[in-house]
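Structure record follows, encoded as structure tokens.
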Amino acid sequence: MGNLLEYSGIVTKTRAMEAKLLTPAQFEEIASLHNVPEVVEYLKKETAYADILEELAPEQLHRGSIEKILTRSLYRDYAKLYRFCGQKQRKLMKLRLKSYEVELINYCLRIVINHYQKPFDLDYKRPFFDRYSQISIEKLITSRTTDELIETLKDTEYYEPLKKLKDSPSVTLYDYDLALNLYYFTTLWKARKKVFKKEDKELYQRDCGTQIDLLNMQWIYRAKKYFNMKPADIYQLILPIHYRLSTDLIKGMVEATTLEELQTLCNQTPYARRYEFTEQLTMEQMYSECLHHLYTIDRRRNPYSIAAVNTYLFLKEEEIKKLTTALECIRYGLTPGETLAYVGGRTQ
């Protein structure tokens, strides 16, 4: 009864918001459109994006501006849920916020390290970060070097893991990205003991642990297939956290001498019981499929729990990724079938 009372308001809110997410049929209709302005018109007439897209001027009907609008839509939904959350649920919301913070820091590091001529274009994120985050966009956009950028983070939790690299010789964007990923996922994993209790703790641990396992599998696969990395380098890449994958199994994957051998080991994981690791789906698609299954099952079995918030935010984030991919495919003139293949086919 306690959880029912505690979560009844947020569950009602997430159900109402989820009902407005795009359906598979709507993605099929979007894939059949011919250009980006047609997609915008469709979203204005048929979907929950109508009001926020009304802000777009005709000269802004291009992929970059639309992506910013979609990101703001995610932030708006986060804010709506945050207002409905009690103290316990807000702890989860703050943990989910960290992924947006890490994404922002990585973006700014790319700008500075690659010496892009374009100035920082983060005004559309400023209201959200000013309200919910420890990071000041106003400070970030004044940075012109990595040292300056890291110093702007001095009053945040991200300063220490990045400061360690700052004075290292030949440090790269890749090194900063690894450091942020390691800090981020280690922090999420440790939070399971500090933040949650009982049922919520079990759900959070399963969600977080599964994500880490799947990311490690994905990174190992990509490291071998696309970059031909040596085992010693792959060990530096993956997260030193094992949920349902044993140390021996991870070791076997990292040291597999062929993709076929790696494929065989992937098929021995608990995650392969539902999905076969074949070329029919990319590792990225299988990552999304497995998490989709996990989140929706958790929400169905434990409706009055943190699963209500976790599942909605996952579905919204996935929808925005798929919309962005669809826009890119349409922009380059891919067929509806090709667009749907890249999108992955699944929405809710």
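The values are calculated or read from the model by the stated rules, or taken from the named source; none is laboratory data. In this text, all values refer to a predicted model and were calculated from it rather than measured experimentally. Virtual Cβ from ideal backbone geometry, glycine too; neighbours counted across all protein chains shown. For accessibility, only protein heavy atoms count, side chains too; no ligands or nucleic acids. Shrake-Rupley method; radii C 1.70, N 1.55, O 1.52, S 1.80 Å.
A few comments on the model shown:
- Selection of GluC sites (Glu not before Pro), segment 70-178, meeting DSSP coil and at most 14 other Cβ within 10 Å: Glu157
- Computed magnitude of the charge dipole of the chain (debye, nearest 20; Cβ of K, R +1, Cβ of D, E -1): 1420 debye
- Accessible surface computed residue by residue for segment 196-296, with neighbouring protein chains in place and a 1.4 Å probe, gives 53 Å² per residue.
- In segment 1-151, taking the dipole from charged Cβ atoms about the Cα centre, the farthest positive-side position among Ser65, Ile10, Tyr132 is held by Ile10.
- Normalised contact order of the chain, rounded percent, pairs of Cα under 8 Å and 6 or more residues apart: 26 percent
- Helical mean residue ellipticity (222 nm; -39500 (n - 2.57) per DSSP H run of 4+; nearest 500) of the chain: -22000 deg cm²/dmol
- Per DSSP, loop GluC sites (Glu not before Pro) in segment 1-100 with at most 14 further Cβ within 10 Å: Glu54, Glu55
- Note on the chain: with a GNM built from Cα contacts shorter than 10 Å, the maximum mean-square fluctuation among Met286, Met17, Met229 falls on Met229.
- Rg/Rg_globular for the chain, with Rg_globular taken as 2.2 N^0.38 Å and Rg from C-alpha atoms: 1.02
- Longest DSSP-loop-exposure-free segment, chymotrypsin sites (Phe, Trp or Tyr not before Pro), the chain, at most 12 other Cβ within 10 Å: 117-331
- Loop-resident sites, segment 1-110, for trypsin sites (Lys or Arg not before Pro), counting at most 14 other Cβ within 10 Å (DSSP): Lys20
- Karplus 3J(HN,Hα) series, Hz, for segment 97-106 with 6.51 cos²θ - 1.76 cosθ + 1.60 (x for Gly, Pro): 4, 4, 5, 5, 5, 5, 4, 5, 4, 4
- Among Ile250, Tyr158, Leu43 - extreme Cα towards positive end, dipole of the chain, charges at beta-carbon: Tyr158
- The distance from the alpha carbon centre of segment 164-198 to that of segment 295-326 is 24 Å, rounded to a whole number.
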